[in-house]
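What follows is one structure encoded as structure tokens, with my remarks underneath.
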Amino acid sequence: MLARIRTALAAGPAPLPPAPDWTAPVHPLLPVADLAVVFAENFQRIGGEFFYCESLVQLGATLRSWLAERLPPGQQFYVWEPALQDLLRQAEVPFQAAEVDFRAQAAAGLTSCEALVARTGSIVVAPATASGRRLSIYPDQHLVLTRPTQVVAEIGDALRVVQARYGATLPSMLSLTTGPSRTADIEKTLVLGAHGPRRLSLFLLEDDAETAA
């Protein structure tokens, strides 16, 4: 053993590892032209439901079918943002615009979002809209209506979008939602809906959907 130690000491110190390139990206760059596709794949991989809609007609048909299948009897579908309400009226989708019996009947809520992160399939939600904090957290089913131009590659890109939109008056909270709420803290048993919505559904509406036939 001593001989091996003497041999190792005679060989001199071990070479230092190469210096890391701190400017190089941690992950390979994503294809800019396919960010929406990458987001959809990652979003579904983590348990989200993804629906692509080319027009308001398709959005209306898809949402009405979703509500007929998923909304329990006697429960409500809440939508509080005026812009989303206008879109749903054009698409002929019924919704509850007021907060009537919200705590007792809030089975589903529809909100907008700040950005979509393709790398992780995450949705960035802020309470700076009429939806506030409650509509994306309290209902058992959270629906999001968004556009392809809101897809960015990385979380940092999403934060820059928020910074550019709000400037010095940043929202009081940013939620990076990655799939439905889940936990496995107790005996490693996966439970959905532990701290928020049990189901997360996203409707990607084309940017020119209002003019599409």
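The values are calculated or read from the model by the stated rules, or taken from the named source; none is laboratory data. None of these values were measured; they are calculated from a predicted model. Glycine gets a Cβ as well: all are built from the backbone with ideal geometry, and neighbour counts include every protein chain shown.
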Among residues belonging to the stretch 145-182 that are farther than 28 Å from P28 by Cα and either acidic (D, E) or in contact (Cβ under 8 Å) with a residue 60 or more places away in the chain (or both), point out the one that is surrounded by the most Cβ atoms within 10 Å (Cβ to Cβ). L145
Identify, from the list F51, F43, the residue that is out of contact with any helix residue (DSSP H, G or I) (no Cβ under 7 Å at 6 or more places or on another chain) and buried (at least 17 other Cβ atoms within 10 Å of the Cβ). F43
Every residue in the stretch 154-178 that is over 13 Å from the mean Cα position of the chain (by Cα) and assigned to a loop (DSSP other than H, G, I, E, B), please. G167, A168, T169, L170, P171, S172, M173
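Having 2 or more residues that are more than 30 Å from P28 (Cβ to Cβ) and at pLDDT 95 or above is the bar; report the strands (runs of 3 or more DSSP E) wholly within the stretch 88-136 that clear it. So that I can check it myself, show each step before the final result.
Details: elements: 106-111, 115-117, 122-125.
Filter on the stretch 88-136 gives 106-111.
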Identify the residue in the stretch 85-108 that is loosely packed, with under 14 Cβ neighbours inside 10 Å and aliphatic (A, V, I, L, M) and, among all such residues, is farthest from A130 (Cα to Cα). A104
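Got a sec? Which of S65, S136 is touching a residue at least 40 places away in the same chain (Cβ under 8 Å) and either in contact with a strand residue (DSSP E or B) (Cβ under 7 Å, 6 or more places away or on another chain) or within 23 Å of E206 (Cβ to Cβ) (or both)?
Among S65, S136, only S136 is touching a residue at least 40 places away in the same chain (Cβ under 8 Å) and either in contact with a strand residue (DSSP E or B) (Cβ under 7 Å, 6 or more places away or on another chain) or within 23 Å of E206 (Cβ to Cβ) (or both).
Any idea how many residues of the stretch 5-54 are touching a residue at least 40 places away in the same chain (Cβ under 8 Å) and of a type in the set (S, T, Y)?
Residues of the stretch 5-54 touching a residue at least 40 places away in the same chain (Cβ under 8 Å): 27, 29-30, 32, 35-36, 38-54.
Still in the running and of a type in the set (S, T, Y): 52.
Counting residues in the stretch 5-54 that are touching a residue at least 40 places away in the same chain (Cβ under 8 Å) and of a type in the set (S, T, Y) gives 1.
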Does W66 satisfy being more than 17 Å from the chain's Cα centre (by Cα), of a type in the set (F, W, Y) and in a helix (DSSP H, G or I)? yes
